[in-house]
Amino acid sequence: MRARVYVAGAIEDPSYPDDMKARLGEALTKAGVEHTIETYPARHGWVLRDTPTHDAAATERHWQTLLDLLAKTLPR
């Protein structure tokens with residue numbers, strides 16, 4: 001894989017436990033994949049505005065991180 005990878009999980013997400021996050025990070029590092037893995041202080045599904053778990057502050061940080069990644073990665 002030659003892409004930069006960004007994974008954003010939620011603290012309150014039983015489908016993405018800490019051991020899974022650690023295994024993913026180890027695998028990406030071992031494969032030489034440039035990556036960032038973050039855990040947000042939010043509940044699963046926080047990005048989508050039309051869900052009861054939406055978190056505006058976490059969503060803003062998430063989108064800014066993605067836009068920064070795209071700006072660094074894509075040629076102008």
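Between Gln64 and His44, what is 0.36 nm times their sequence separation minus the Cα-Cα distance? Round to one decimal in nm.
Values: separation 20, 0.36 × 20 = 7.20 nm, distance 1.87 nm.
Extra length available between Gln64 and His44 comes to 5.3 nm.
What is the extension gain from Ala71 to Ile11, computed as 0.36 nm multiplied by their sequence separation minus the C-alpha to C-alpha distance, in nm to one decimal? Please list the in-between numbers first.
Working: separation 60, 0.36 × 60 = 21.60 nm, distance 2.71 nm.
Contour length minus the Cα-Cα distance gives 18.9 nm.
Wrap a convex hull around the Cα atoms of the chain, take a quarter of its surface area, and give that in square nanometres.
Working: hull surface 23.0 nm².
Here the figure is 5.8 nm², rounded to one decimal.
Over the chain, what is the mean sequence separation of C-alpha contacts under 8 Å (at least six apart), divided by residue count, expressed as relative contact order in percent?
On the way: 83 pairs, mean separation 23.5, N = 76.
The value is 31 percent.
Relative to the Cα centre, what is the charge dipole magnitude of the chain, using +1 at the beta carbon of each Lys and Arg, -1 at the beta carbon of each Asp and Glu, and rounding to the nearest 20 debye?
It comes to approximately 420 debye.
Counting only heavy atoms of protein chains, what accessible area per residue, in Å², does the chain have with a probe of 1.4 Å? If you can, show how the numbers build up before the last one.
On the way: 5670 Å² over 76 residues.
Here the residues of the chain average 75 Å² of exposed surface.
How big is D, in µm² s⁻¹, for region 1-45 by Stokes-Einstein at 20 °C and 1.002 mPa s if Rh is the Kirkwood radius over C-alpha pairs? Spell out each step's value before the answer.
On the way: Rh = 11.0 Å.
Here the translational diffusion coefficient equals 195 µm²/s.
Please give the calculated 222 nm ellipticity per residue for the chain, where each DSSP H segment of at least 4 residues contributes -39500 (n - 2.57) and the sum is spread over every residue; nearest 500 deg cm²/dmol?
Details: 2 runs with 31 residues, N = 76.
So the calculated ellipticity at 222 nm is -13500 deg cm²/dmol.
At a 1.4 Å probe radius, which order do Asp18, Asp13, Asp68 fall into by accessible area, largest first? Walk me through the numbers before you get to the answer.
Working: Asp18 115, Asp13 20, Asp68 70 Å².
In descending accessible area the options line up as Asp18, Asp68, Asp13.
Quote the accessible area belonging to Arg23 in square angstrom, nearest 10, computed with a 1.4 Å probe and with ligands, DNA and RNA left uncounted.
130
With a 1.4 Å probe and every protein chain kept in, tell me what percent of the accessible surface of the chain is carbon plus sulfur. All intermediate terms of the calculation are to be shown ahead of the outcome.
Details: 3270 of 5670 Å².
In the chain, the share of accessible area belonging to carbon and sulfur is 58 percent.
The values are calculated or read from the model by the stated rules, or taken from the named source; none is laboratory data. Bear in mind the structure is a predicted one, so any value in this text is a computation, not a measurement. Cβ sites come from the backbone with ideal geometry, for glycine too, and all protein chains shown count toward neighbours. Heavy atoms of the whole protein, side chains included, go into the accessibility calculation; ligands, DNA and RNA do not. Shrake-Rupley method; radii C 1.70, N 1.55, O 1.52, S 1.80 Å.
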